[in-house]
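The values are calculated or read from the model by the stated rules, or taken from the named source; none is laboratory data. Treat the numbers as computed from the prediction; the structure is a model and nothing was measured. Because the Cβ atoms are built from the backbone with ideal geometry, glycine has one as well, and the counts that use them run over all protein chains shown. When the accessible area is computed, the model is the full protein with side chains, heavy atoms only, and any ligands, DNA or RNA have been set aside. Shrake-Rupley method; radii C 1.70, N 1.55, O 1.52, S 1.80 Å.
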Amino acid sequence: MRLNPETMARASARHPWRTITIWVVAVVAFGTASSALLGDVLTPDIEFTNDPESVRAGELIEANVTGEEQDTEFFVVLGNGTPVDDPTFTSYVSDVQTSIGALGDEVVGGDVVTVYDLQGAAQQAATPQEAQALEQRAASLVSTGGDGTLILVPIADNTAEVVDALKGVIEEHEQAGFELLLAGPATLNADTTEIAEEDLRKGEGIGLLFALLVLIVVFGALLAALLPISIAFVSIPMALGAVALIGQLFEFNIFTQNMATMIGLAVGIDYSLFIVARYREERRKGFDPMGAIGATGATASRAVFFSGLTVVFALLGMFLIPTTIFRSMAAGAILVVLASMLASLTLLPAMLSLLKDRINWPRLTRRSRQLGDPDPQGGFWDRFTRGVMRAPVLSLVVSVAILGGLGAIYFTIDEGTTQSAASLPDDVESKRAFQVLSQEFSAGGRTDPVQIYVEGDVQDPAIAESIAALQEEIAGIDAFAEGSEVVPADDGQAAVVQAIPAGDAFALETFEAVSDLRDRAVPAAFGDTGTLVLVGGTPAFFADFLSVADSYQPIVLAFVLGMSFLLLMVVFRSIVVPIKAVIMNLLSVGAAYGAIVLVFQHGFGIGAFNAIGFQFQQVEAIEAWIPLLLFSILFGLSMDYHVFLLSRIREEYDKTGDNDEAVAYGLRTTAGIITGAALIMVVVFTAFAAGRLVPLQQMGFGLAVAVFMDATIVRSVLVPASMKLLGDRNWYFPRWLEWIPTVSVEGHEPTLPPTVTGGGPDRAGNGQAERAVKTDDRV
């Protein structure tokens, strides 16, 4: 037996209980692995797999100056008019400091430092220079209004448990006249993780509810509607279990879980929707249940297989980028697509063989009936398609104008990152702490300073003079707060100059300031001294991230476009069809980009969206990883519909040789199902856009817009209009490429044999006589 989608479907259908048992065992095993291990392999951190300047600087700083750096959390104490030197204020800070120290070594990783400690140390300093440095550091911990201060807390570990313990101190010291807030990388990570998990649960619930409603409308039967959802429920724990197991070797970004769930719901439901719909169509044609499963395996299952491969190939482009966030999110999406494919090709046929026509129970509408013509000539989609083909030029121009006009907005994009607390919802206290740091201390980036590593004898007059010159340069850059700090190594052979961003450490102004340091300030200060100077710190890290994303973007685009072109060329044996598909997909993806920029960056329509339950925020920049990841996912998902539609068109064209009729046939027989599938995807992605994290809002919104545009304007208008204009040239394939093997996406539908007397389906839909059918085993 040759292994292909048809033989897999038939084998699964012949041994349904064995197939279902294997899947139950696998789901339990992978689900257990996910529950036990997944939380330990997910991290909010982003890492490079190459060695940019910020990474090299960080390694040298830890090796030569600070040792292994601990994260520092900042308690923000506001006196609301009471000055820092007031005895009441001093007593309050002292009590808070004592409570923090009492948390023990499992929470606190070093000395808890207050402004009063630094002032006392300055009085005890051995030299005037040391006293001055301590006084400057103490002054930096006091707000510009003089009624606020910071408490520096080195933490033992960056975990949610540590953050919860520190937040307990806030609850313990609630006191009239004072406000106590917590800020820092650990707090930001903990809050981001918590909200991501809340968004995940919310997105799942809303997405499943509305997907079920759409499926009921499409199928007109509850059991048929539940089958695709059951496949999604199987695929997601399988993928997350695989992430948990692979995560024992490699860490995954926290958003991997959201990505796998979102994509799993979308493709798991869509793939099985196409298969169930085709099974019902084959039953209407007269096949008995087993014959219908075989016919579906030879057609729709093949299309699912090739569509899934298209998504996987598109996402492989993400692995070219040397950062973990792209690779981990792509891996999560690939794993859930593979799980959805495998479940649709094996588990679903087994379930169909047991249910047979009982999938139409209970019959809620006439759609659930088996009777009826599988080719709905004269229906809405038939009339619509023929109307488009009667005015193909006008249809083409209007469609391109709409998509192109929206896509043109993309070129106004500013790319950045929303890693800071500024992107959190307003009701999250760490956002309030960040705002206070920016407004009251003019040092929003104190939790994430820019660190300039200088290697050399800091006592050498030339190097000391260059460091002083660098501090003057930093003081002249508006993006930095006053008073940079120099931290020398114990042996005096290196130093770190810390520049504090005045506002958001992850704002575009800060990234531009990092570039200014590297391109102008550092060379101006150190000239040709030969001193090794590297700009590091978290802002520099994300500046490098933006640079990497920007430089790899054309490489990823070329890879995805090339793979998509080659796959479609082989599948449809045409060079015109893949060229058109690439152009059309670029139009829909570009429209999605433009919509994201228009709403999230320019703020267009945010009030209207929020009035209906969304929580969108206008931000100064779109997440740098969004365009690349969106491109790969959307190119794969949009190819799904293109493959399903064009395979039907090609199937009919091969039979009749009539291009116009083939286009009309393909649209009218697939448009209803494609529209239902697209609507499900739009609903699922919109549900995730309804969360509170800006990156996931942008991702879900962009996916929803692109799928909507793709299933309406592109598939319903652009495809028939362009195919009408090109006619038989659609299928042009040069002779010099004839050596490429023939690959059939939907294969060849089995031939229905002559009716056997008494052998039709009984009331339960069970064939009284198995019909032998001829099939084509080519992959």
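What number of residues within region 573-583 satisfy the criterion of being open to solvent by 10 Å² or more (accessible area, probe 1.4 Å), part of a helix (DSSP H, G or I) and either closer than 15 Å to residue 311 by Cα or not β-branched (Val, Ile, Thr) (or both)?
Taking region 573-583 and keeping what is open to solvent by 10 Å² or more (accessible area, probe 1.4 Å), we get 573, 575-576, 579-580, 582-583.
Remaining after also requiring part of a helix (DSSP H, G or I): 576, 579-580, 582-583.
With either closer than 15 Å to residue 311 by Cα or not β-branched (Val, Ile, Thr) (or both) added as a condition, the list becomes 580, 582.
Within region 573-583, residues that are open to solvent by 10 Å² or more (accessible area, probe 1.4 Å), part of a helix (DSSP H, G or I) and either closer than 15 Å to residue 311 by Cα or not β-branched (Val, Ile, Thr) (or both) number 2.
Condition (residue is within 30 Å of residue 184 (Cα to Cα), loosely packed, with under 14 Cβ neighbours inside 10 Å, modelled with pLDDT under 90 and acidic (Asp, Glu)) applied to region 549-557: is it met by at least one residue?
In the first step, residues of region 549-557 are kept if they are within 30 Å of residue 184 (Cα to Cα); the result is 549-550.
Restricting the remaining residues to those that are loosely packed, with under 14 Cβ neighbours inside 10 Å gives 550.
Filter once more, so that each one left must be modelled with pLDDT under 90: 550.
Filter once more, keeping what is acidic (Asp, Glu): 550.
Within region 549-557, one or more residues are within 30 Å of residue 184 (Cα to Cα), loosely packed, with under 14 Cβ neighbours inside 10 Å, modelled with pLDDT under 90 and acidic (Asp, Glu).
Is there a residue being closer than 17 Å to residue 329 by Cβ and either open to solvent by less than 10 Å² (accessible area, probe 1.4 Å) or not in a helix (DSSP H, G or I) (or both) anywhere in region 210-229? Break it down into steps so the answer makes sense when it comes.
At the first step, the residues of region 210-229 found to be closer than 17 Å to residue 329 by Cβ are none.
No, because not a single residue in region 210-229 is closer than 17 Å to residue 329 by Cβ and either open to solvent by less than 10 Å² (accessible area, probe 1.4 Å) or not in a helix (DSSP H, G or I) (or both).
Given the structure, is residue 225 over 22 Å from residue 648 (Cα atoms), touching a Gly at 6+ places or on another chain (Cβ under 8 Å) and at pLDDT 90 or above? Show your work before the answer.
Details: over 22 Å from residue 648 (Cα atoms): yes; touching a Gly at 6+ places or on another chain (Cβ under 8 Å): no; at pLDDT 90 or above: yes.
So residue 225 fails the test.
For residue 230, are the conditions met, namely being in contact with a Gly (Cβ under 6 Å, 6 or more places away or on another chain), among the small types (Gly, Ala, Ser) and more than 30 Å from residue 447 (Cβ to Cβ)? Give the steps one after another, and end with the answer.
Working: in contact with a Gly (Cβ under 6 Å, 6 or more places away or on another chain): no; among the small types (Gly, Ala, Ser): yes; more than 30 Å from residue 447 (Cβ to Cβ): yes.
It is false that residue 230 is in contact with a Gly (Cβ under 6 Å, 6 or more places away or on another chain), among the small types (Gly, Ala, Ser) and more than 30 Å from residue 447 (Cβ to Cβ).
Looking at (1) of a type outside the set (Val, Ile, Thr); (2) in contact with a strand residue (DSSP E or B) (Cβ under 7 Å, 6 or more places away or on another chain); (3) not in a helix (DSSP H, G or I), which is the one condition that is false for residue 64?
(3)
Residue check, residue 72 against (1) open to solvent by 30 Å² or more (accessible area, probe 1.4 Å); (2) farther than 30 Å from residue 144 by Cβ; (3) under 33 Å from the mean Cα position of the chain (by Cα); (4) not charged (D, E, K, R), all met but one. Which one?
Of (1) open to solvent by 30 Å² or more (accessible area, probe 1.4 Å); (2) farther than 30 Å from residue 144 by Cβ; (3) under 33 Å from the mean Cα position of the chain (by Cα); (4) not charged (D, E, K, R), only one is false for residue 72: (2).
Here's the yes/no breakdown for (1) part of a helix (DSSP H, G or I); (2) over 30 Å from residue 543 (Cβ atoms); (3) β-branched (Val, Ile, Thr):
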position: 291; (1), (2), (3): yes, yes, no
position: 306; (1), (2), (3): yes, yes, no
position: 312; (1), (2), (3): yes, yes, yes
position: 316; (1), (2), (3): yes, no, no
position: 319; (1), (2), (3): yes, no, no
position: 334; (1), (2), (3): yes, no, yes
position: 337; (1), (2), (3): yes, yes, yes
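Considering region 182-204 alone, what residues qualify as being out of contact with any helix residue (DSSP H, G or I) (no Cβ under 8 Å at 6 or more places or on another chain) and more than 30 Å from residue 447 (Cα to Cα)?
201
Determine, yes or no, whether residue 237 is within 21 Å of residue 203 (Cβ to Cβ) and in contact with a Phe, Trp or Tyr (Cβ under 8 Å, 6 or more places away or on another chain).
So residue 237 passes the test.
Can you name the residue in region 525-548 that is part of a helix (DSSP H, G or I) and of a type in the set (Ser, Thr, Tyr) and, of all such residues, is surrounded by the most Cβ atoms within 10 Å (Cβ to Cβ)? Before the answer, list the steps.
So the first thing to find is which residues in region 525-548 are part of a helix (DSSP H, G or I), and the list is 525-526, 538-548.
Those left that are additionally of a type in the set (Ser, Thr, Tyr): 538, 547.
Numbers: 538: 22, 547: 17.
Filtering first and then ranking leaves 538.
Do the conditions hold for residue 619, that is, is it in a helix (DSSP H, G or I) and β-branched (Val, Ile, Thr)?
Here the answer is no, as residue 619 does not meet what is asked.
Out of curiosity, is residue 369 of a type in the set (D, E, K, R) and either open to solvent by less than 10 Å² (accessible area, probe 1.4 Å) or modelled with pLDDT of 90 or more (or both)? Outline the logic, then answer.
Details: of a type in the set (D, E, K, R): yes; either open to solvent by less than 10 Å² (accessible area, probe 1.4 Å) or modelled with pLDDT of 90 or more (or both): no.
When the stated conditions are applied, residue 369 does not pass them.
Would you be able to say whether some residue in region 517-524 is modelled with pLDDT under 90 and either open to solvent by 30 Å² or more (accessible area, probe 1.4 Å) or under 24 Å from residue 622 (Cα atoms) (or both)? Let's see the steps before the verdict.
From region 517-524, those modelled with pLDDT under 90 are none; that's our starting set.
No, region 517-524 has no match at all.
Name the pairs: first residue in region 78-90 and touching a residue at least 40 places away in the same chain (Cβ under 8 Å) and closer than 17 Å to residue 441 by Cβ, second residue acidic (Asp, Glu) and open to solvent by 60 Å² or more (accessible area, probe 1.4 Å), Cβ to Cβ under 8 Å, at least 6 apart or on different chains?
Close Cβ pairs satisfying both conditions: 78/440.
Can you name every one of the helices (runs of 4 or more DSSP H) wholly within region 101-206 that holds 3 or more residues which are modelled with pLDDT of 90 or more, under 36 Å from the mean Cα position of the chain (by Cα) and within 30 Å of residue 690 (Cα to Cα)? Steps first, please.
Values: elements: 115-123, 128-140, 160-172.
Qualifying helices (runs of 4 or more DSSP H): 160-172.
Filter region 3-40 down to residues that are modelled with pLDDT under 90 and within 21 Å of residue 242 (Cβ to Cβ), then give me how many there are.
Qualifying residue count for the region: 2.
Filter region 380-394 down to the residues that are open to solvent by 80 Å² or more (accessible area, probe 1.4 Å) and among the aliphatic types (A, V, I, L, M) and list them by number.
393, 394
Do we find that residue 401 is touching an Asp or Glu at 6+ places or on another chain (Cβ under 9 Å), open to solvent by 60 Å² or more (accessible area, probe 1.4 Å) and free of Cβ contacts under 8 Å to residues at least 24 places away in the same chain in this structure?
Numbers: touching an Asp or Glu at 6+ places or on another chain (Cβ under 9 Å): no; open to solvent by 60 Å² or more (accessible area, probe 1.4 Å): yes; free of Cβ contacts under 8 Å to residues at least 24 places away in the same chain: yes.
Judged against the criteria, residue 401 is not a match.
Would you pick out the residues in region 586-614 that are outside any helix (DSSP H, G or I) and either at pLDDT 90 or above or touching a Leu at 6+ places or on another chain (Cβ under 8 Å) (or both)? Lay out the reasoning, then the answer.
Going residue by residue through region 586-614, those that are outside any helix (DSSP H, G or I) are 602-605, 612-614.
Matches in region 586-614: 602, 603, 604, 605, 612, 614.
Within region 102-141, how many residues turn out to be over 30 Å from residue 459 (Cα atoms) and either among the polar types (S, T, N, Q) or touching a residue at least 24 places away in the same chain (Cβ under 8 Å) (or both)?
Step one: filter region 102-141 for residues over 30 Å from residue 459 (Cα atoms), giving 102-109.
When the remaining residues are screened for being either among the polar types (S, T, N, Q) or touching a residue at least 24 places away in the same chain (Cβ under 8 Å) (or both), the result is 103, 105-109.
Going through region 102-141 one residue at a time, the tally reaches 6.
Quick one: how many residues across region 132-164 are more than 30 Å from residue 254 (Cα to Cα) and open to solvent by less than 20 Å² (accessible area, probe 1.4 Å)?
At the first step, the residues of region 132-164 found to be more than 30 Å from residue 254 (Cα to Cα) are 132-149.
Imposing the further condition that a residue be open to solvent by less than 20 Å² (accessible area, probe 1.4 Å) reduces the set to 138, 141, 143, 148-149.
Summing the residues that are more than 30 Å from residue 254 (Cα to Cα) and open to solvent by less than 20 Å² (accessible area, probe 1.4 Å) in region 132-164 gives 5.
Here are 7, 21: which of them is outside any loop (DSSP other than H, G, I, E, B), polar (S, T, N, Q) and within 34 Å of the chain's Cα centre (by Cα)?
Working: 7 fails: within 34 Å of the chain's Cα centre (by Cα).
So the residue among 7, 21 that is outside any loop (DSSP other than H, G, I, E, B), polar (S, T, N, Q) and within 34 Å of the chain's Cα centre (by Cα) is 21.
Give me the pairs, please: first residue somewhere in region 438-452 and closer than 25 Å to residue 495 by Cβ, second residue anywhere and part of a loop (DSSP other than H, G, I, E, B) and among the aromatic types (Phe, Trp, Tyr), beta-carbon distance under 9 Å, and either six or more positions apart or on two chains.
As it stands, the answer is 445/506; 448/506, since those pairs meet every condition given.
Kindly list, by first and then second residue, each pair from a residue in region 60-74 that is without any contact (Cβ under 8 Å) to a residue 40 or more places away in the chain to a residue that is surrounded by 12 or more Cβ atoms within 10 Å (Cβ to Cβ) and part of a helix (DSSP H, G or I), limited to pairs with Cβ atoms under 9 Å and residues at least 6 apart or on different chains.
Correct list of pairs: 68/62; 69/58; 69/61; 69/62.
Kindly list the number of the only condition in (1) under 32 Å from the mean Cα position of the chain (by Cα); (2) open to solvent by less than 60 Å² (accessible area, probe 1.4 Å); (3) within 28 Å of residue 151 (Cβ to Cβ) that fails for residue 509.
(2)
Please specify each residue of region 422-481 satisfying the condition of being open to solvent by 20 Å² or more (accessible area, probe 1.4 Å), under 30 Å from residue 616 (Cβ atoms) and part of a helix (DSSP H, G or I).
Listed by number, the residues that qualify are 422, 429, 432, 434, 435, 438, 439, 440.
Consider region 39-54. How many of its residues are touching a strand residue (DSSP E or B) at 6+ places or on another chain (Cβ under 9 Å) and either open to solvent by less than 30 Å² (accessible area, probe 1.4 Å) or assigned to a strand (DSSP E or B) (or both)? Before you say what the answer is, go through the steps one by one.
Filtering region 39-54 for residues touching a strand residue (DSSP E or B) at 6+ places or on another chain (Cβ under 9 Å) gives 41-50, 53-54.
Among the residues that remain, those that are also either open to solvent by less than 30 Å² (accessible area, probe 1.4 Å) or assigned to a strand (DSSP E or B) (or both) are: 41-43, 46, 48, 54.
Qualifying residue count for the region: 6.
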